[in-house]
Amino acid sequence: MADLDGLDIKLNRPEKKKAPKGYEPKTKAPMEWGMKNRLSRVIKPATGRTVMLAVDHGYFQGVAVGLEDLEDTLLPLLPYADALMPTRGGLRTCVSPDWDIPVVLRASGGNSLLGELSDEDLSVSIEDAIRLNVAAVAISIYVGAPNQHKTLLALSRMVDEATRYGIPVLAVTAVGKDLGKGAKYLSMASRIAAELGATFVKTYYCEGFERVVDSCPVPIVMAGGKRIPEPEALELTHNAITRGAAGVDMGRNIFQADDPAAMIQAVSAVGHEGLSPKQALKMYEELKAAGKGGK
């Protein structure tokens, strides 16, 4: 007969680490285990935050400043990134399969700076994404642009295909050359992405960012945007997080910083530890001065 004495033992379980005050999971609908597991690799459950490193610029820019040697750029940065957002070409040629980093794969393309930016469609099959063992796929949508219809249907097709295999889809609310970045437009674009089935959404920070977050039923990740001075980028990160973002996806404001490795550590401290912009800037400057950023 089994020993029943063990039923009286109280388990000494460690207390769960609470997410920062103000964080509430946006995705309330039940998820299949694989989908939830992959998303948890990107948005860390301990804090409900993510600091993604975007390096997919080459798919429409070609050679981007700071990414001339992609592998050399990534080496000092990946230890501090929660997830990497590359193209499949960049992933296969410049990212070692031994590196332990979740991948949010750029899966749309077909445009360039020399043409109409909204002229995008799916550029990666779900089968190739599976072969690459990605944590999620990323698709740009251009609401209000000439090719709005094509990009929204591309998102819908990828949602159908990715959901079949439990892979999250990140919808990127690209704004093109002529579209604005106000709360009214970004709220509309983000909500449309969520309504079409996106698992989470990447969009820009704006005045009234709370409105964008509150009107979107899935997590919002802030896009880093163009290169700005380090103090401004840290303040931007702090503002987005305190106004409800589940994290940031930064590229140029990290790999084009004076000390990229010090910068990604400071951004991560804002996102996961709640450092103020002033505290984060001090951290950045100290790491840079000590040569501990890993530049």
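What follows is calculated from the coordinates using simple rules that are stated; it is not laboratory data. Everything quoted here is computed from the prediction, not taken from an experiment. Here the Cβ positions follow ideal geometry from the backbone for every residue, glycine too, while neighbour counts run over all protein chains shown.
Odds and ends about this structure:
- Largest GNM mean-square fluctuation across 264, 126, 220, computed for the chain with C-alpha springs under 10 Å, falls on 126.
- Shape of segment 144-214, Cα gyration tensor, a/c cut at 1.5: oblate
- Loop-located GluC sites (Glu not before Pro) in segment 204-295 whose Cβ has at most 12 other Cβ within 10 Å (DSSP): 207
- Inter-label distance, residue 242 to residue 157: 4.4 nm, where each label sits 7 Å from its Cα along the C-beta direction.
- Gain in span if fully extended, residue 128 to residue 207, counting 0.36 nm per residue against the direct Cα distance: 24.6 nm
- Fully extending the segment from residue 282 to residue 32, taken as 0.36 nm per residue of separation minus the present Cα-Cα distance, adds 85.8 nm.
- Subtracting the Cα-Cα distance of residue 188 and residue 215 from their residue separation scaled by 0.36 nm leaves 8.9 nm.
- What the Cβ-Cβ distance of residue 68 and residue 165 gives, at R0 = 25 Å and to the nearest 0.05, is a FRET efficiency of 0.15.
- Most mobile of 114, 77, 155 in a GNM of the chain (Cα contacts under 10 Å): 114
- Counting other Cβ atoms within 10 Å as a rough exposure proxy, the listed residues 131, 88, 227 run 131, 227, 88 from fewest neighbours to most.
- Helix-derived mean residue ellipticity, 222 nm - over the chain, DSSP H n ≥ 4, -39500 (n - 2.57), to 500: -11000 deg cm²/dmol
- Cα-projected label distance for residue 228 with residue 195, points at 7 Å along beta-carbon direction, nm: 2.9 nm
- Exposure proxy for 237, 73, 163: other Cβ atoms within 10 Å of each Cβ, ordered fewest to most, give 163, 73, 237.
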